[in-house]
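> The structure is given below, and queries will be raised subsequently.
Rule-based calculations on the coordinates, nothing more; no lab input. Predicted model, so just to flag it, every value in this text is computed and none were measured. Cβ coordinates were reconstructed from backbone atoms using ideal geometry, including for glycine residues, and neighbour counts include every protein chain displayed.
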Amino acid sequence: MLLPAKAEVARQLRRYRAWERVMLAAPNDRTVRTTFEDSGYTLCVLMGKRCAREAADAAERYLRTNQVTYLEEQQVTCLQEQHVTCLQDQNERPRPATAVRRRPPAAERRSPAGR
């Protein structure tokens, strides 16, 4: 697994936290909200997370630990998530098959008024 440079993670985390404070001070400002969401998205991509909060937490953990410890933590978290998903899959009941009804393409449909 490739890990980003710690300096870049620290810079993006500072940017995210700064825009978070500004956004909390002015939640109705669209420009501020957009910039905050952009900074969260960048942090998500950088840390490989789906949620900005998770990405910020992961960035903080990454900056506190060395790379080996961080990778070990990520592996344990991944295995735990897979176990939960597996258990959820086992608890799902199979659903009875239902017939799929398809409609004609929109070009072939006629409206009642067009008869």
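> Which whole-number percentage describes the relative contact order of the range 21-67, with Cα contacts under 8 Å and a sequence gap of 6 or more?
Averaging sequence separation for qualifying contacts and normalising by length gives 20 percent for the range 21-67.
> Further question on the same structure: Relative contact order, percent, of the range 1-44 when contacts are C-alpha pairs under 8 Å separated by at least 6 residues?
43 percent.
> Where Lys and Arg each count +1 and Asp and Glu each count -1, what net charge lies around V32 among other residues with Cβ under 15 Å from its Cβ?
Residues close to V32 contribute a combined charge of +1.
> How far apart, in nm, are two points set 7 Å out from the Cα along the Cα-to-Cβ line at R33 and at K6?
3.7
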